[in-house]
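Novice: Sending over a structure as C-alpha cells; questions will come in a sec.
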Amino acid sequence: MIDFPPELEVQLTRNPVIASVFGANSIPGFVTSECRICILAHLELHELDGALKVLDQAGKFTFVNMDACAGLGQDKGALEYLRKIGTRGVVSTRTAMIQRANSMGMVTMQKVFVTDRSNLPRSTAAIDQSKPHLVQLMPWPVVSHLSEGELKGLSPFVAAGFVATSSDVAQALKEGAKGISTSAAELWDLAVR
C-alpha cells in the first residue's frame, strides 16, 4: 500500500463515513452534511467538471468512481481528463487503472468484491499488485468471516455494501475498517470515534 494521505486520516477520524453520492441530485444533500469525503458515481461525463467544482468549493474530498460514470473511458486519457478537471481521488475495480492513477499522484481506492473464499486470493493479489491507498471491501458483512491475516491483505479497507445503521458503522470500525462508505444519507453526519 502507498502511505495514507494525512488529510484523509484527519477527516476520517472526525467522521468515519464516506458518502456514496449517486447522481447529481444527491450532491446538495452531501454538500450540507458533516461528511467530508465522498465517492461520486452515476454522473454523465459532461456533469463531472461542474460537480467537482461544487464539491471542492464546499471543502469536500471527492473520489470519482471511474467504473460508474457514463462516458468515462478506462484508459490513461480518462485519468488525464479527471486530473485536469481537479479530481483528487479515483475508485475502480481495475488494477491497471489504480496503478496509473498512483503514478499520476492521485489518491486511489480499489473496489473488491469478496463473495466467497474462491475469489479472495484473486482480490488479495490484485491489491498487492496495484497498491491502492484504500480498499473498498464489499460486501461489508463478509469482514466478520475473514481472518486477521486475510483482512491485512485487504487493508486499509473501507467497509461497503449493506452498511445501513449506526450500529453497522460501529461494528465495521470495531472490525478494523478505516471508514465505511454508504449511500444512506442519514449516516453522513455520524461521528462515531
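Novice: Do we have Glu186 as within 23 Å of Asp3 (Cα to Cα) and either among the β-branched types (Val, Ile, Thr) or open to solvent by 40 Å² or more (accessible area, probe 1.4 Å) (or both) here?
Specialist: Answer is no for this residue.
Novice: Collect the residues in the stretch 56-72 that are under 17 Å from Met106 (Cα atoms) and of a type outside the set (D, E, K, R), keeping them in residue-number order.
Specialist: Result: Phe61, Thr62, Phe63, Val64, Asn65, Met66, Leu72.
Novice: Can you tell me which residue is least open to solvent (accessible area, probe 1.4 Å) among those in the stretch 31-54 that are touching a residue at least 60 places away in the same chain (Cβ under 8 Å) and more than 15 Å from the chain's Cα centre (by Cα)?
Specialist: Ranking the candidates gives Ser33 first.
Novice: Something else: Spot the failing condition for Gly179; the list is (1) of a type in the set (Gly, Ala, Ser); (2) closer than 24 Å to Ile27 by Cβ; (3) open to solvent by 50 Å² or more (accessible area, probe 1.4 Å), and only one is missed.
Specialist: Of everything listed in (1) of a type in the set (Gly, Ala, Ser); (2) closer than 24 Å to Ile27 by Cβ; (3) open to solvent by 50 Å² or more (accessible area, probe 1.4 Å), Gly179 misses just condition (3).
Novice: Further question on the same structure: For the stretch 55-157, list the helices (runs of 4 or more DSSP H) that sit wholly inside it and hold at least 1 residues that are of a type in the set (S, T, N, Q) and open to solvent by 10 Å² or more (accessible area, probe 1.4 Å); which are they?
Specialist: Because the criterion is at least 1 residues that are of a type in the set (S, T, N, Q) and open to solvent by 10 Å² or more (accessible area, probe 1.4 Å), the helices (runs of 4 or more DSSP H) in the stretch 55-157 that meet it are 95-103, 120-130.
Novice: Would you confirm whether or not the stretch 11-22 contains a residue that is under 27 Å from Ser130 (Cα atoms), assigned to a helix (DSSP H, G or I), open to solvent by less than 40 Å² (accessible area, probe 1.4 Å) and modelled with pLDDT under 95?
Specialist: yes
The values are calculated or read from the model by the stated rules, or taken from the named source; none is laboratory data. These figures come from a predicted structure and were not determined experimentally. Note that each Cβ is placed from the backbone with ideal geometry, even for glycine, and that neighbours are counted across all protein chains shown. These accessible areas exclude ligands, DNA and RNA; they are computed on the full protein's heavy atoms, side chains included. Shrake-Rupley method; radii C 1.70, N 1.55, O 1.52, S 1.80 Å.
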